[in-house]
Amino acid sequence: MADELTFLMGKFPARLPGDLRYARTNHMWCRQAEGKLRFGFSAYAVRLMQDVYFLDWVVSTGTAVQHLQQIGHIETSKAVADLFAPTSGTIMAFNQELLKDPSAINVDNYGAGWLFDMEGDASVLVDVGDYFAFLEANWEKTQRMLKGHM
Amino acid sequence: MSRHRLTVVLSQAQGKHPAKRALEESLVAALIMEPGLDVSVVPYLYDLDAEHTGRLFLESIQGDMVVLSWLFSRAAFWLLDRDGIKGHLGETQLKPPAADEDEEDAEEDEPQAPKGIGAVAVPDRHIYCLDLRDFNDHEPYVAEIRRIAQECRQRQEAKQAAQAQAKPALVELGLPAMAEKNATLSEETRFAPEQILKPPDRRWYPVIDYSRCTNCMECIDFCLFGVYGVDSLERITVENQDNCKRGCPACSRVCPEHAIMFPDYKTPAIAGAPVGNISGLKIDLTKLFGGGDAISIAAQERDRELVRDGREAVGLTVGIPKRQAGKHEEPKDDLDNLMDALDAMDI
């Protein structure tokens, strides 16, 4: 098992546990257990979003989804975003607690703030080292995009 | 000195949201007490079709007008324009309370004046659109409406003074068509309150902001449902509003000038939030979270509607604007605030 890595976003340390896999396309972590893939937002994603106000899913459980198909929408104190499937497969369950109160995403993004469970293709996911490298390679570009200079 | 009256129309929220209804009621109660105002209530502006009495009522208003609605000001103004309820854009000074102190600086940044084709056949009166989501109580709105009433009065007086100098005889400034129409209406039958407030069906259609629209016609190329058309002046119009597929915002992503709004869409940028003005506008992280660029999202949304309609998906093969790959789609807002805030927070 890999060690935890910390990616610095400016001064903010984004913690990336070593025992998880990651989806580079949408900054989600993945915990595999009993054939199920559980997803949530990485610390990097949570830092960009800040306080989550509202979360909305546009597909139902039991639906087959394609990689990068839109599955939902999120609104936070600083941001809005459409959300997309981290891989192809079937969504088995959404974290119902979040729909009543999404603050667990900010408080415990790797635990109680989990988003949904899927059965699907885990091959697109990478380990913490590759995810860290991806964040590093794209940090400049991401900052520029956020500042609107690109 | 003529008595200038200002018409104030409050457009209700959809549904029966108790907090919204409460604000509407307290606002109307306060406005009725104000001198010089003619106050009316209509249903949700965006849902009114051509036959709805509420819309006929709006069309009959000749002079200056304030419209309070649960829509962005830009969305309300241009949807009225499309409905033939035209006027000069009234500048409001109502700004929602800044969400954080960073926004004070951002407001100094005036966006460049957009070079759109503008509205046509605009009668000489002003329409002020106020967004009822900006404040939770009625006082700021009443204060702003008082200021607007004052501004309209002064403008009218200045105009009449200028006219009096130019021509000794009294000139009735031109809305002859409207005056005629008004004369044939019987107030009781046409504008019965229960007719004006009849709940309309929900509608979904794009609204063009002509102050930004350059008439490039990319939208009419892109939409495969016949929503767009061209008028007798060769200008793009939203001709068949009800052809538009409910919930689909694809064409607004394709517009290079961000001139297309869907007032009911969840993302502020598409719903008509002020462009280039950061207060209330949030960063769209969709691209970072797997969204791809605006054009490909638009093509996916369009395909979804085509397939639902029993037609073939076309992907990017039809009606896609040819632009440089990688061109930045977002409005060029100064979003340094977020990164600076991230750096400043020493957690």
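All conditions in (1) polar (S, T, N, Q); (2) within 14 Å of another protein chain (Cβ to nearest Cβ); (3) under 27 Å from A:GLU4 (Cβ atoms); (4) surrounded by fewer than 15 Cβ atoms within 10 Å (Cβ to Cβ) hold for A:GLN66, with the sole exception of (3). Considering only residues in region B:1-59 that are touching a helix residue (DSSP H, G or I) at 6+ places or on another chain (Cβ under 9 Å) and of a type in the set (Asp, Glu), the one that is nearest to B:GLY87 (Cα to Cα) turns out to be B:GLU59. Between A:ALA104, A:ALA45, A:ALA112, A:ALA79, the distinction of being within 14 Å of the chain's Cα centre (by Cα), small (Gly, Ala, Ser) and within 11 Å of chain B (Cβ to nearest Cβ) belongs to A:ALA45 only. Apart from one condition, B:ALA183 fits all of (1) part of a helix (DSSP H, G or I); (2) modelled with pLDDT of 95 or more; the exception is (2). Restricted to region A:16-42, and to residues that are charged (D, E, K, R) and away from every other protein chain (no Cβ under 14 Å), which residue is farthest from A:GLY120 (Cα to Cα)? Out of the qualifying residues, it is A:ASP19.
Being surrounded by 13 or more Cβ atoms within 10 Å (Cβ to Cβ), assigned to a loop (DSSP other than H, G, I, E, B) and charged (D, E, K, R) is the filter here; which residues of region A:1-50 pass it? Passing the criteria: A:ASP19, A:ARG24.
With respect to the conditions (1) within 14 Å of chain A (Cβ to nearest Cβ); (2) at pLDDT 90 or above, B:VAL314 falls short on a single one, namely (1). For region B:66-83, check the following and say yes or no: at least one residue is under 28 Å from B:GLY118 (Cβ atoms), surrounded by fewer than 22 Cβ atoms within 10 Å (Cβ to Cβ) and more than 11 Å from the chain's Cα centre (by Cα). Yes - at least one qualifying residue is present in region B:66-83. Checked against (1) among the hydrophobic types (A, V, I, L, M, F, W, C); (2) at pLDDT below 90; (3) exposed (fewer than 12 other Cβ atoms within 10 Å of the Cβ), B:LEU233 meets all criteria but (2).
The values are calculated or read from the model by the stated rules, or taken from the named source; none is laboratory data. This structure is a prediction, so every number in the text was calculated from the model and none was measured. Here Cβ is always computed from backbone atoms with ideal geometry, including for glycine, and neighbour counts include all displayed protein chains.
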